[in-house]
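Here is the structure we will look at, set down as structure tokens.
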Amino acid sequence: MAKLWGGRFEKDLTESTEDYLQSIEVDKEMVLEDIWGSQAHAIMLSKQDIISNKDLKEILHWLEKAKKDYLSGKLVLSKQDEDVHMNVEKYLIRGAGPEYGGKLHTARSRNDQVLTDAKLHIRHKILDIKKKILSLQNVFIELAEENLETPVPGYTHTQDAQPITLAYWATAYVSAFMRDLKRLDHAYANVDTNPLGSCALAGTSFPIDRRMTAKLLGFTEVHKHSLDVISSRDFIAETLCALTIHMSNLSKLAEEMVYWSTYEFGILELDDSYTAGSSIMPQKKNPCVAELTRGRTGRVYGALMQLLTMMKGIPMGYNRDLQEDKPPLWNAFDIVGKTLDVTIGMIDTMKVNEERLAELSGANFTTATELANHLVREHGLSFRECHHIVGSLVGELHRKGKNFMDFDEVDKILSGQGVKVSFDEMRNIFDPRKNIHTYKSLGSTSPREVSKMIREFKKQMDSNIRRIKSQEERIESAQKLTESIVSKVLEGKDIGGIKIK
Ligand code: ARG
């Protein structure tokens, strides 16, 4: 069979043209979505009396067969037929004949069809990524609950700054991932609108019902403006942007895994199953999973740039450039999904060296700020004056090779500046285990504050899980509705009485 659009052509495409135009590799992800979209469209056409019941029955019979053949590997998309839409339609026309099969494309264009397929597919992909992020959050919450009082050094400039807790560090990731989830939710809302019925760009003179196809496909609303929806790929940019920012957070985490697991830091050991060896140095255990996470972040950023560059300067209306929207998105979904899988396992299995953490968290004068705070409260001095007193104390101790735990020396130097701090007070300030309890401000590192935040995060996680569930249920029930109508039609039953609103 010749090209379905071949009527006005006198010559065939060259083989290389055909190859250049086709999008089979990318489109094969959307075969089932293409069939579902076609079923919904055909049902709507018949309910609106645009095609007859007999037409509908033939069309649905062959679409069902296409689905079965695709799932059993008998229907393989061919490059000659350019894309998934042409492949499925051609299968239908071959089976049902042009007098029936040829009616499916009434009041439809590949322009609204490709958007429909992509949106159905992206909805499901976003929900998958969200579920993985929630699993990773869960691992961090468990780590936090077990380590509410485990002190770790907190860093600024990758230099020891102030003692914090492992729970505080872990919940910082939970907190960041909450915003990643929000961004994905926002993207989802813009994905979840029905483009079908926009046709090529202008809508149609047929009395179609776009709300009906929205219902059959589980879209929350109709994307009304046909020219706008046909031209829009911002929902893909938004999804990619959310994935990109999430990947940058995963990369930040990966970076910490890389240097925290060095011999020099010795804060944690990654499980063997998330590392790799060296072909020459027998002793090596390299954090390759974390390194590749950092490395692949570039690919996800690249995907966003690829899409934004493609979108730039495209006029209103469908332009073939838009076919280039899916490869970067599929790529990003793939990388982010796989990165999440290994990251969940890597964090879940890593061993934290508590002794080393205790040693590091109070070392290198990390409690200096708290000493200055104490002097402000107890000695009525300004913070700037106390900063100076503590700064010169640190300088002197450092020059003498001593530290805050040398209480006699600390006392001697402070007394010289007219300041008295008892040994009991020193213990409270300089011991990181005690120090962390002195924090009071909202969102600070104290176990009390962190416990409160954990409770809030858990609630937010639960509400995310509930939202995903209801979105999945909405999709499933739309699928079931379509399937039940398909079965009725195939059994020869009348669907005239069924209200699809
Ligand atoms: N393969 C195309 C894409 O992904 C489908 C739409 C083609 N539309 C057209 N008018 N040629 O964008």
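Here are the numbers for this structure:
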quantity	calculated
Selection of trypsin sites (Lys or Arg not before Pro), region 30-134, meeting DSSP coil and at most 14 other Cβ within 10 Å	Lys74
Estimated FRET transfer efficiency when R0 is 45 angstrom, pair Asn319-Asp69 (beta carbons, to 0.05)	0.85
Amide proton proximity set for Asn194, modelled H, under 5 Å, gap of 5+	Glu221, Val222, His223
Karplus (6.51, -1.76, 1.60) ³J(HN,Hα), θ = phi - 60°, over region 461-469, in Hz, Gly and Pro reported as x	5, 4, 5, 5, 5, 5, 5, 4, 4
Helix-only CD estimate at 222 nm, as mean residue ellipticity for the chain, using -39500 (n - 2.57) per DSSP H run (n ≥ 4)	-21000 deg cm²/dmol
Positive dipole terminus of the chain, leading residue within Met426, Pro98, Phe9 (C-beta point charges)	Pro98
Entries of Lys326/Lys499; Lys224/Lys458; Lys79/Lys480; Lys28/Lys130 with Cα pairs more than 28 Å apart	Lys326/Lys499; Lys224/Lys458; Lys79/Lys480
Region 295-377: C-alpha gyration tensor shape, a/c 1.5 cut-off, then a/b vs b/c	oblate
Prolate/oblate/rounded call for region 273-339, Cα gyration tensor, a/c under 1.5 rounded	prolate
Amide H contacts of Thr165 (H built 1.01 Å from N, under 5 Å, at least 5 apart or other chain)	Val152
Net length gained if the chain between Arg94 and Ala276 were fully extended (0.36 nm per residue, minus Cα distance)	60.3 nm
Estimated FRET transfer efficiency (His157, Leu490; beta-carbon r; R0 51 Å; 0.05)	0.15
Enclosed volume per residue, in Å³, of the convex hull spanned by Cα atoms of the chain	202
Extension gain from Lys499 to Ala202, taking 0.36 nm per residue of separation minus the Cα-Cα distance	104.2 nm
Two-site FRET efficiency, Phe423 against Ser477, from Cβ-Cβ distance with R₀ of 60 Å, rounded to 0.05	0.30
Residue-wise HN-Hα coupling along region 152-161, computed from phi with Karplus coefficients 6.51, -1.76, 1.60 (Hz; x: Gly, Pro)	9, x, x, 10, 10, 6, 6, 10, 3, 10
Alpha carbon centroid spacing (whole Å) that separates region 449-501 from region 338-368	39
Whole-angstrom gap from region 86-125 to region 1-48, using each part's C-alpha centre	7
Ordering of 250-258, 270-278 by burial proxy (mean other Cβ atoms within 10 Å per residue, highest first)	250-258, 270-278
For region 228-387: rounded, prolate or oblate by the Cα gyration tensor [a/c cutoff 1.5]	oblate
Residue-by-residue Karplus 3J(HN,Hα) for region 375-391, coefficients 6.51, -1.76, 1.60, Hz, glycine and proline x	5, 4, 5, 8, 10, x, 9, 6, 4, 4, 5, 5, 4, 5, 4, 5, x
Proxy reagent accessibility, fewest Cβ within 10 Å first, across Lys400, Lys215	Lys400, Lys215
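Quick note: the coordinates plus some simple rules give every number you see, no bench work behind them. Bear in mind that the values here come from a model prediction, so they are computed numbers and not experimental data. Positions of Cβ are backbone-derived with ideal geometry, glycine not excepted, and every protein chain shown enters the neighbour counts.
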